[in-house]
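Reading through the structure tokens given below for one structure.
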Amino acid sequence: MTCADCLENLGPFIDGELPVVEAALVESHLKSCQDCAAAHRRLVETSSQVKGALTRYRAPDVLKARIRASLADAGTEALSQPVLMATPRGRVWPRIVAAAAAVAIVSSALTFASLNRSPSADPLQQEVLNSHIRSLMPGHLTDVASNDQHNVKPWFNGRVDVSPAVPRLDSIGFPLLGGRLDYVEGRNVAAVVYGRRQHMINVFSWPAAAQGDLAPAVSSANGYNFIRARRNGVEVWIVSDLNLRELEDFAERFREASAR
């Protein structure tokens, strides 16, 4: 391997993107060439400094859903084109590349968030989180889309074992978006969906297995906040990537409005 070839491949080598054979050639060359080894060290140091100075933001649920939808649309359009035909690159691939870049940015932010949090040790909490994340996929958020509680609440009749609370909280900034049928702990459960700016809030409810009320308990995992409570024989889980202060405010307003 020449010095020119080595220097051209330093970036992919540092990022672990080279095939095994090419990576081995670069590594061998670096051991025998002081100039390329020095360039390698400088690039590693620069990369570390840049990564260390980055400000990482957690992507809101709506952005994640839009990226997934963009990828799905771009992939469908690309697959619909004839293979090896004169397909204008300017129409399809820039969308795929842009969506992939956005996913990379989101994934980086989510990975950073995950590394700074312990994984959930509560299997039920993980089930609720999985259901919340699934709901963010295109077309999965609601089965009945409505901001009218008189449309959403009756929709659950005959579909779940307990009728969920569906208060309207639009006036305080938590608009009702609708509801859907979900699956937690081996049973159908009600999921009522609210919004807060670019964030989605899922309120899951099902008949409680344990007796007695349970005061609201707060927990966090993988960048999401959870509020769990039990009252009047109903288990309630609220989950969102909304900040905890606002989610607690939502939970309190939800409880008060449900009681009325």
**OP:** Return yes when I238 is within 18 Å of A251 (Cβ to Cβ) and β-branched (V, I, T) and no when it is not.
**Re:** yes
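Just wondering, is there one or more residues in segment 146-168 that are part of a strand (DSSP E or B) and either touching a strand residue (DSSP E or B) at 6+ places or on another chain (Cβ under 8 Å) or surrounded by 13 or more Cβ atoms within 10 Å (Cβ to Cβ) (or both)? Walk me through it before giving the result.
We begin by selecting, within segment 146-168, every residue part of a strand (DSSP E or B); these are none.
There is no residue in segment 146-168 that is part of a strand (DSSP E or B) and either touching a strand residue (DSSP E or B) at 6+ places or on another chain (Cβ under 8 Å) or surrounded by 13 or more Cβ atoms within 10 Å (Cβ to Cβ) (or both).
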**OP:** Would you point out the residue of segment 229-250, among those that are crowded, with 16+ Cβ neighbours inside 10 Å and within 18 Å of S163 (Cα to Cα), that is nearest to the chain's Cα centre (by Cα)?
**Re:** I238
**OP:** Could you grab the pairs with beta carbons closer than 7 Å, sequence gap of 6+ or different chains, first residue in segment 1-29 and touching a residue at least 12 places away in the same chain (Cβ under 8 Å), second one of a type in the set (D, E) and part of a helix (DSSP H, G or I)?
**Re:** C3/D35; N9/E22
Subject >> Breaking point among (1) surrounded by 15 or more Cβ atoms within 10 Å (Cβ to Cβ); (2) basic (K, R); (3) closer than 19 Å to N130 by Cβ, for R187 >> reply: (1)
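Residues to consider are N202, N243; find the one that is closer than 27 Å to I67 by Cα and in contact with a strand residue (DSSP E or B) (Cβ under 6 Å, 6 or more places away or on another chain).
N202
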**OP:** Report yes if some residue within segment 192-210 is surrounded by 16 or more Cβ atoms within 10 Å (Cβ to Cβ) and touching a His at 6+ places or on another chain (Cβ under 6 Å); otherwise report no.
**Re:** yes
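Readers should treat all values here as calculations from the given coordinates under stated rules, not as data from a laboratory. On a predicted model such as this, the values are computed, not experimentally measured, just so you know. In this analysis, Cβ positions are derived from the backbone assuming ideal geometry, glycine residues included, and neighbour counts consider all displayed protein chains.
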